[in-house]
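Structure first, then comments.
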Amino acid sequence: MTVSATQSPNRYVERPAPSSLADVVEVILDKGLVIDIYVRVSLVGIELLTIDARIVVASVDTYLRFAEAVNRLDLKDDGTSGLPELMGDITESGAKGKTSGALEGVKDKASEIFGSDDDEDDEDEKRPPKRRPSSSSTRKRSSSSSSRTRKKAES
Amino acid sequence: MPLHVYGVTRADVVLPDGLQGLYDAPVTTVADDGLAALVSECPEAPTARRAELMAHARVLEQVVEAQTVLPMQFGMCMPDEPTVRHDLLVAHRPRLGTLLSELDGTVQLTVKVVYREDDALREVLHRSPPLLRMRERLASIPADAAHFKQAEFGQEVAAELERMGSRDGTEILGALAPLCLAHAEGKLLSPYHILNTAFLVRREARTRFDEAVGAIAEQWNEVGTVRYLGPQPPYSFVDLEAGDPAWA
């Protein structure tokens, strides 16, 4: 995975990065040209994977999870208490891998199904996406105080 | 030996040196009258493990760096070279030719924006004082008595999150759409996924698009993460005309 963001003197430029396994699964099994009779590969397991990712919506359990997630938020970490603590909090929870639950599920499933013969990027796949370019997230953090001010002003 | 087909380009395509496909087999071309299929040798029915899926995508990504390529769906295996020439290139020449001209000089860039759970929920509470009050009220009710109230509360939170996500998603799309030729929205896998859109972008407009995505990453940095993928072959823009029975 390459670093996907750089900062020029006065402008934040994002550069596209190669796709991960989950991104690849999403496009190459579902999109692209097909001549039906020549598709030879067995796609057993792929359906499962898509369904798995979609069960997130609309059940009481889901709503209870939302309630639980909101209830455990420590709002004292937010707002006026200052940015550094908030950012520390985000980094910490990222490290525990609490974020992006659903996507995580898909990826785990994907590696189960397809095997993990490519072990060196396994770690990379399982990490929450936001932490992937470690150098750029540092930059993002440093640039966030201005964006925070701006967003608050807008809302 | 059967051939796995990656995609179709013009016959004057220049493949990157040492381009390897599935099972590390060298990628070559089968050409016919101006069109070329990118192929490599493979077993009767190739496996769809991580390595093979990634190899298919990487071959296409490397070729599209410099040239227009129409991507095939993964798993298209034809018995031999004459079949590739005849059943693919000759049989579908008009459509392939049209698509290649239409997509000439373009790449696909995909933008995915995902909220970070805690940050997004915090923002939801910030924007909705009634939800904040509801949360406080629920905190004072014993847990076992609050089951249905909690579900109700969660439902409200989910609804508010969805409203926020669709508003943010629309705003981001509005900023990027003017910079592309076409865009195709993909599935949103969870309420935290607010944008998953493929953009068809002219090569010469890529820098401007990079800048626009950079601006979005910065603006939404506080609640979410922007993932920016590409350049990809135009996976989402090779849909075939309805009514052509040869294509699925």
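The values are calculated or read from the model by the stated rules, or taken from the named source; none is laboratory data. Owing to the predicted nature of the structure, the values given are computational and were not obtained by experimental measurement. Neighbour counts are summed over all protein chains in view; Cβ atoms, including those assigned to glycine, are modelled from backbone coordinates with ideal geometry.
Remarks
- The criterion of at least 1 residues that are within 9 Å of another protein chain (Cβ to nearest Cβ) and over 30 Å from B:PHE209 (Cα atoms) is met, among strands (runs of 3 or more DSSP E) falling completely within segment B:1-115, by B:3-10.
- Test set (1) modelled with pLDDT under 95; (2) assigned by TED's automatic domain parsing to the domain that holds B:GLY165 - B:GLU65 fails condition number: (2)
- For B:LEU161, the conditions (1) at pLDDT below 95; (2) facing chain A (nearest Cβ under 10 Å) are fulfilled apart from (1).
- B:GLU152 vs. criteria away from every other protein chain (no Cβ under 12 Å), surrounded by 14 or more Cβ atoms within 10 Å (Cβ to Cβ) and either in contact with a Pro (Cβ under 7 Å, 6 or more places away or on another chain) or among the acidic types (Asp, Glu) (or both): no
- Within segment B:138-149, not a single residue is in contact with a Leu (Cβ under 7 Å, 6 or more places away or on another chain), closer than 18 Å to B:GLU117 by Cβ and in a helix (DSSP H, G or I).
- Pair list, Cβ < 7 Å and 6+ apart or interchain, from segment B:159-173 residues that are touching a residue at least 24 places away in the same chain (Cβ under 8 Å) to residues that are charged (D, E, K, R) and in a helix (DSSP H, G or I): B:MET164/B:GLU123; B:MET164/B:ARG127
- Segment B:181-199: number of residues that are within 13 Å of chain A (Cβ to nearest Cβ) and outside any strand (DSSP E or B): 7
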